[in-house]
Structures are given as C-alpha cells and as structure tokens.
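Below you'll find the structure, written out as structure tokens, and then a few comments.
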Amino acid sequence: MASNGSAWFGLHERVKPLVRAGIVLGIGLGGFFDGIVLHQLLQWHHMLSAQTDPTVLADLRLNVVADGLFHVGTYLFTIAGIVLLLRAWQRSDVPPSGRALLGSTIIGWGVFNLLEGLVNHQLLGIHHVWPEGPGASSSGTSSSSSRARSSSSAGTP
C-alpha cells in the first residue's frame, strides 16, 4: 500500500522525511524557547526550581548546571532536525513543502511542551512554570522571594 501515490496522515507519503525533520526540529526549538525565554530571560523557573532554594548560592549553581544540560539536549534535537532536513532536501523524491515543514515543526514544538509538562511538571514535580505568579499564595505554595519580603518587613512597625 506504500505506492508512490499513497497518503500518509493526509499527506503524500514522499513528504515523510520532511515531516520527521520538522518534528525533531520542533522539539529542539520548543526546548530552546522554554530554556531561553522562561529560564533565562523571564527567570520564572529553572530545571530544579521546585527542589531547591533559589536564594542559596549552591542551589542556584545546581540549577544553572541542570539548565545547561537541558540546553545540551535542545542543541542535540535541533542539530538532528537540521541534519534530517538537509537529508530530506537532498532527496529528489521529496517534494519541497513549506506547509508540511512548518506544520510538523509546530507539532514537534507541541510534543516537547506536552512531554515536558507531563514529565517535569506533573510526574517528577521538579519545577513549575511560574511559582511566584498569580495564585501562588492561594494554592498553599510559598516562594522564596515572598518569604524574604515578609521576613524583612516583619521587624518594621
């Protein structure tokens, strides 16, 4: 049934290499976005932020190393996606399809977020997206910065 004109998820079967490349690339790019935007720029969390105290220098260093290892993984997925993409482009039987590549990259990004959310946030509980965000005090969690603010203001009349 894998003839030249058969369909694969509504796409021509010849685009499989392009779709595979896009999914792997999307996983890598999704990880880059998470690591760069959430970990570094917004500093909402680190890889082990639910397990360590960010006000302790040794714990912060541990988180920086864990974030670095996470980035190594995203680099590897991105490089693998680029290699798969180059191989797909070199094949004469793979039609150029920007829609298939973009769509599969978005799927890969979503796969990253789904797996990262289920594993790191729910199953392992090693970090939460924004522990100091809205609802943090009402859910019973307490952030270190709010603890620091309340302890520093405790001595003031």
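Every read-out reported here was derived from the displayed coordinates using simple, explicitly stated rules and does not represent laboratory data. Computed from a predicted model, the values in this text were never measured in an experiment. Note that we place each Cβ from the backbone using ideal geometry, even for glycine, and neighbour counts take in every protein chain shown.
With 10 angstrom as the radius, rank 87, 20, 99 by how many other C-beta atoms surround their C-beta, starting from the fewest. Don't jump to the answer; show the numbers that get you there.
On the way: 87 14, 20 18, 99 10.
So the ranking, lowest neighbour count to highest, is 99, 87, 20.
Order these by the 10 Å Cβ neighbour count, fewest first: 15, 56.
The order, fewest Cβ neighbours first, is 56, 15.
Work out from phi, with θ = phi - 60° and the Karplus expression 6.51 cos²θ - 1.76 cosθ + 1.60, the ³J(HN,Hα) of each residue of region 66-79, listed in order in whole Hz, and give x for Gly and Pro.
4, 4, x, 5, 4, 5, 4, x, 5, 4, 4, 5, 5, 4
Could you pull out every residue, at least 5 positions away or on a different chain, whose amide H is within less than 5 Å of the one on residue 52? Hs are placed 1.01 Å off N in the peptide plane, and Pro or chain starts have none.
Residues meeting the criterion, in which the H sits 1.01 Å from N, do not exist here.
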